[in-house]
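Student: One structure is given below, represented as structure tokens, and several questions about it will come after.
The values are calculated or read from the model by the stated rules, or taken from the named source; none is laboratory data. As the structure is a computational prediction, the values presented were derived from the model and not from experiment. Cβ coordinates were reconstructed from backbone atoms using ideal geometry, including for glycine residues, and neighbour counts include every protein chain displayed.
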């Protein structure tokens, strides 16, 4: 009986001890500083939310800069293309010049008639305009007809301001050029004087002529005809 009493006492003490340890553990756990507190959790959540908001802003900024750079590059490219196209068009116009309404080839001679009587000239030009560079003579075209002449890649634009040549026109010499134009077409040089081209050549065969516009003066439009 005594032994039974002792056993009951030990059982009660052990149970109480275990209960105390459980209660103490729970209490210790509830006061553990390592467990996250509500305030700390809220702060962490706010930090995470702030980071998530900043990331898209950076991406948006980078995208905006990229789009701006792309638009700027595209605008520069368009400007460069426009300038290149304009330069190309200008060069094309410079090369071709005005379109001819009639063209052909002939043998050309040269003259300088200023009414001075030097070298047997026949008097002032028939158009009434003074002798000058770019004044040509034709046996039939209307006065003031605009004509471009070309020889070996060199070109001069002038106008019909006189009649001529005379008899040579019946042999196919359908243009008389002023001394400066004749010499320039021949070799790019300048005449020794207004009356002398400064070369032994008196004629240029195969000169290309182009009528750019008909003049309003006396004469006949169309293919050149011999004088008289």
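Student: Are there any pairs, at least 6 apart or on different chains, whose C-beta atoms fall under 7 Å, with the first in the range 119-140 and without any contact (Cβ under 8 Å) to a residue 60 or more places away in the chain and on the phi > 0 side of the Ramachandran plot and the second surrounded by 18 or more Cβ atoms within 10 Å (Cβ to Cβ) and assigned to a loop (DSSP other than H, G, I, E, B), and if so, which?
Tutor: That search, which allows pairs on different chains as well, returns 123/113.
Student: Would you call residue 164 part of a loop (DSSP other than H, G, I, E, B) and surrounded by fewer than 14 Cβ atoms within 10 Å (Cβ to Cβ)?
Tutor: The answer is no for residue 164.
Student: Could you say whether any residue in the range 179-201 is in contact with a helix residue (DSSP H, G or I) (Cβ under 6 Å, 6 or more places away or on another chain), outside any loop (DSSP other than H, G, I, E, B), in contact (Cβ under 8 Å) with a residue 12 or more places away in the chain and surrounded by fewer than 16 Cβ atoms within 10 Å (Cβ to Cβ)?
Tutor: There is no residue in the range 179-201 that is in contact with a helix residue (DSSP H, G or I) (Cβ under 6 Å, 6 or more places away or on another chain), outside any loop (DSSP other than H, G, I, E, B), in contact (Cβ under 8 Å) with a residue 12 or more places away in the chain and surrounded by fewer than 16 Cβ atoms within 10 Å (Cβ to Cβ).
Student: How many of the residues in the range 167-177 are within 47 Å of the chain's Cα centre (by Cα) and not in a loop (DSSP other than H, G, I, E, B)?
Tutor: Qualifying residue count, the range 167-177: 5.
Student: Then there's this: Cβ-Cβ under 6 Å, sequence separation 6+ or interchain: first residue in the range 207-224 and more than 12 Å from residue 174 (Cβ to Cβ), partner modelled with pLDDT under 95 and assigned to a loop (DSSP other than H, G, I, E, B). Which pairs?
Tutor: 212/98
Student: Does at least one position in the range 72-93 carry a residue that is closer than 17 Å to residue 208 by Cα and either at pLDDT 80 or above or surrounded by fewer than 17 Cβ atoms within 10 Å (Cβ to Cβ) (or both)?
Tutor: Checked against the condition, which is being closer than 17 Å to residue 208 by Cα and either at pLDDT 80 or above or surrounded by fewer than 17 Cβ atoms within 10 Å (Cβ to Cβ) (or both), the range 72-93 yields no hits at all.
Student: Would you mind telling me which numbered condition in (1) in contact with a strand residue (DSSP E or B) (Cβ under 6 Å, 6 or more places away or on another chain); (2) farther than 16 Å from residue 104 by Cα; (3) surrounded by 20 or more Cβ atoms within 10 Å (Cβ to Cβ) residue 138 fails?
Tutor: (2)
Student: Can we say residue 215 is in a strand (DSSP E or B) and under 44 Å from the mean Cα position of the chain (by Cα)?
Tutor: Taking the combined requirement at face value, the residue does not satisfy it.
Residues are listed down the side, and each one gets a yes or a no for (1) in a strand (DSSP E or B); (2) farther than 16 Å from residue 214 by Cβ:
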site	(1), (2)
116	no, yes
129	no, yes
142	no, no
150	yes, yes
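Student: So if I check each of 173, 211, 149, which one is at pLDDT 95 or above, in contact with a helix residue (DSSP H, G or I) (Cβ under 8 Å, 6 or more places away or on another chain) and surrounded by 14 or more Cβ atoms within 10 Å (Cβ to Cβ)?
Tutor: None of the other options fit; the residue is 149.
Student: On the given criteria, is residue 113 farther than 22 Å from residue 101 by Cα, buried (at least 21 other Cβ atoms within 10 Å of the Cβ), free of Cβ contacts under 8 Å to residues at least 60 places away in the same chain and over 40 Å from the mean Cα position of the chain (by Cα)?
Tutor: Yes, satisfied.
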